[in-house]
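Taking it in order: structure first as structure tokens, then the write-up.
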Amino acid sequence: MDRMQHSPLPRGLEQLASIEGDWRTIAEHLWRARLGWPQTVRRLALPIRERTVRRGAAVDTARIDLVLLSLEQFDRQAVRQQTAYAHNLAGVFELAGDEAWLTLARLHAARDLLLADDAAAESAMREWIDGCGQRAALQDQAWAQSTLGGLLISKGLEEDGFRLRYGSIELLKRVELAPERVFTLMNLGVTHLRFGNLRSAEALLSEAWAATQQLGMQERYYLVASNVAAAAIDLGAAPRALETLSPLVDLADAGNDRLHYQLMMADALRELGRLGESRDWLDTVMRAMESNATAQLVPQIHLSSLSLLRAEGRLDEALAELRWLEADTPAFVTHTHALRLFSEAASLFADREEWDLAYEYERRHRDRYVALQKVAARAERLSLQARYELYRNQVERDFERRKREAAETAHATVQALNQSLSQRLDEIQVLQAALQEQVITDPLTGLYNRRFLAEVLPREIERASREGHPLSVALIDLDAFKQVNDLHGHAVGDEVLRRLATLLRENTRGTDYCCRFGGEEFCVLLTGLDADAAAIRIRDILGSFAELFFEVSTGEVLKGLSYSAGVATYPAHSPDADTVLALADAALLRAKRAGKRRVYQSEPSLDRPGEPA
């Protein structure tokens, strides 16, 4: 069977309209270019089809029809007559003995089953890959593998799905750079983005964007750049997202791709505090939403609208958007979208001073965040495993080739490869150990730990800066805690720590964070409170702590315990997270030296020692 020749770039496509000779070659050029330059291919294919129809060339017409059908399938995610049309074209190619185009028609029919949510999609794709697809061009084999991998991941079969998607990228590395590589990289990056593996997603999407630019695929710039920007925004790098998007503002319209681009522009500008410009972009999207937006894009639009309305202070309208999202959000909304929804809802109800609801959504946000960490860790592990297996298979193939060439060379190669495999295994073990350390709670007290504090403090300072409210940090250290352990044992000491942790949780809000800083030290982040209000809150908790009593082994009652605390506030004391923490620690030290059982604020001009409890 003949294999379709590779034509990676659309060089000379403009001249195809005037060619009257090799119609098969024309169709092959159009097929190879269809993913990267859909508008150009459609513009050229329509008049070419008219000429083939006038000539009565059924097979030539069928090839062009399959190209147009593939454009419709990809760009509109549309299915024509539930694969019947593709089967009709396959019949034409079969009668003509055109095995190459028969293979492509069957690939299209299998993808139609996938888009129609047909239960037979998986078996049809596997049958194509294992059968006639083995004789197809590597680009088409890789495209089929990537499609099947995405289907398996959506069905919860992540291990096989990642293996197929990474395998498709390896296949495409064997041929000249082509649009299929752009989309396999982008699809895998979007998959990592949905699992919350933002760094892996950013790397893959950036590689896809670089390939898009290298190929000059301007007709796909909106689509790829929008996904690159989405990853940057999720990573908190809105300036980088805007830097990617801004040069594309004057490109020609590209349907839903442009809608997604406009939505990302609105999100990036909102994150940068440029609310007026963000509103202009989002209003443009909203006007086009009813007629143009895909089902996947609608909840993202409403989520962006919720965020912007809240930022603008239009709280009632933001609440209406939240209710819509809670009522109509489809199952395919990603983990990261859900996290953003819960975070926005918590902030919205805090702005409305509906604290019970704010606390509930903040709790849901934290629960989802913890769950997402586990999902992301598993997905990253499976991704690493897939890459390792591909690497191992490649190593084995290289070994066999070298073995056939010369026994001596093969022996030396085996040693080098075994060393490389050992290093890879060591790297995997290190990565697995690092993933296992992604624990954010202290096992004794149930509070967040210091690792989590290091992540959340800069983020909360950024939010405080964006929303214009203060953020206070209180460092707490138990007084004479070593004596408690020495006199009554570590079991009593542990109970003291647990009871203090419970007091901190019960006397702070859902938007606050309580962390065990280490040993007998605790840290509390009090959002929206200045230094005075934060000091009052910590003193009140100190009073409650002093009233607690603990039974010890001698039958006596231990009571009257105390702690010392230091408070520092953003932005009054410093705009920097590490500095605020250091100032709170310095204030704590002064409270200890002044006699303990008291709360001090950071700056000397604001120091007001608390009365002994």
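Against the conditions (1) farther than 29 Å from LEU157 by Cβ; (2) at pLDDT below 70; (3) basic (Lys, Arg), ARG392 satisfies every one except (1).
Return a yes/no flag: does region 269-277 have any residue that is on the phi > 0 side of the Ramachandran plot and either modelled with pLDDT of 90 or more or not acidic (Asp, Glu) (or both). Yes: one or more hits.
The combined condition, being hydroxyl-bearing (Ser, Thr, Tyr), closer than 29 Å to GLU243 by Cβ and at pLDDT 90 or above, is fulfilled by SER307.
Would it be correct to say that THR103 is over 26 Å from the mean Cα position of the chain (by Cα) and of a type in the set (Val, Ile, Thr)? The answer is yes for THR103.
Per the listing ALA533, ALA501, ALA586, ALA582, the residue uniquely more than 15 Å from LEU457 (Cα to Cα) and free of Cβ contacts under 8 Å to residues at least 40 places away in the same chain is ALA586.
The test for being surrounded by fewer than 22 Cβ atoms within 10 Å (Cβ to Cβ), modelled with pLDDT of 95 or more and either of a type outside the set (D, E, K, R) or part of a loop (DSSP other than H, G, I, E, B) (or both) does not hold for LEU558. The condition (being open to solvent by less than 40 Å² (accessible area, probe 1.4 Å), basic (Lys, Arg), farther than 22 Å from GLU72 by Cα and touching a residue at least 12 places away in the same chain (Cβ under 8 Å)) is satisfied by just one residue among ARG165, ARG111, ARG135, ARG174: ARG165. Residues considered: ASP234, ASP253, ASP257, ASP316. Of these, the only one that is modelled with pLDDT under 90, over 21 Å from ARG194 (Cβ atoms) and of a type in the set (D, E, K, R) is ASP253. Selection of region 222-254 for residues being in a loop (DSSP other than H, G, I, E, B) and either within 15 Å of SER206 (Cβ to Cβ) or touching a strand residue (DSSP E or B) at 6+ places or on another chain (Cβ under 6 Å) (or both) yields LEU235, ALA237.
Restricting attention to region 536-555, the residues that are part of a helix (DSSP H, G or I) and in contact (Cβ under 8 Å) with a residue 24 or more places away in the chain total 10.
Sort out which residues of region 507-523 are free of Cβ contacts under 8 Å to residues at least 60 places away in the same chain, open to solvent by 20 Å² or more (accessible area, probe 1.4 Å) and within 33 Å of the chain's Cα centre (by Cα), and write them in order of number. Residue satisfying the conditions is THR508 alone. Regarding GLU180, is this residue buried (at least 24 other Cβ atoms within 10 Å of the Cβ), acidic (Asp, Glu) and under 21 Å from SER226 (Cα atoms)? Yes: the conditions hold for GLU180.
Restricting attention to region 42-88, and to residues there that are surrounded by fewer than 20 Cβ atoms within 10 Å (Cβ to Cβ), assigned to a helix (DSSP H, G or I) and among the small types (Gly, Ala, Ser), which single residue is modelled with the lowest pLDDT? Among those residues, the one meeting the criterion is ALA84. Scanning region 456-480 for residues that are in contact with a helix residue (DSSP H, G or I) (Cβ under 7 Å, 6 or more places away or on another chain), within 18 Å of LEU542 (Cβ to Cβ) and open to solvent by 20 Å² or more (accessible area, probe 1.4 Å) yields a single hit, ASP477. Looking only at region 564-606, which residues are open to solvent by 50 Å² or more (accessible area, probe 1.4 Å) and either in contact with a Leu (Cβ under 6 Å, 6 or more places away or on another chain) or of a type in the set (Ser, Thr, Tyr) (or both)? Listed by number, the residues that qualify are THR579, ASP585, SER605.
Filtering region 198-222 to residues that are free of Cβ contacts under 8 Å to residues at least 60 places away in the same chain, open to solvent by 30 Å² or more (accessible area, probe 1.4 Å) and out of contact with any Ser or Thr (no Cβ under 9 Å at 6 or more places or on another chain) leaves ARG199, GLU202, ALA203, SER206, GLU207, ALA210, GLN213, GLN214. For GLY446, the criteria (1) touching a residue at least 12 places away in the same chain (Cβ under 8 Å); (2) under 21 Å from LYS596 (Cα atoms) hold in every case but one, which is (2).
In the set ALA331, ALA379, only one residue is buried (at least 17 other Cβ atoms within 10 Å of the Cβ), at pLDDT below 70 and under 19 Å from the mean Cα position of the chain (by Cα); that residue is ALA379.
The values are calculated or read from the model by the stated rules, or taken from the named source; none is laboratory data. Since this is a predicted model, take the numbers as computed values, not measurements. Methodologically, a virtual Cβ is constructed for each residue, glycine included, from the backbone with ideal geometry; neighbour enumeration extends over all protein chains shown. What goes into the accessible areas is simple: the full protein's heavy atoms, side chains included, and nothing from ligands, DNA or RNA. Shrake-Rupley method; radii C 1.70, N 1.55, O 1.52, S 1.80 Å.
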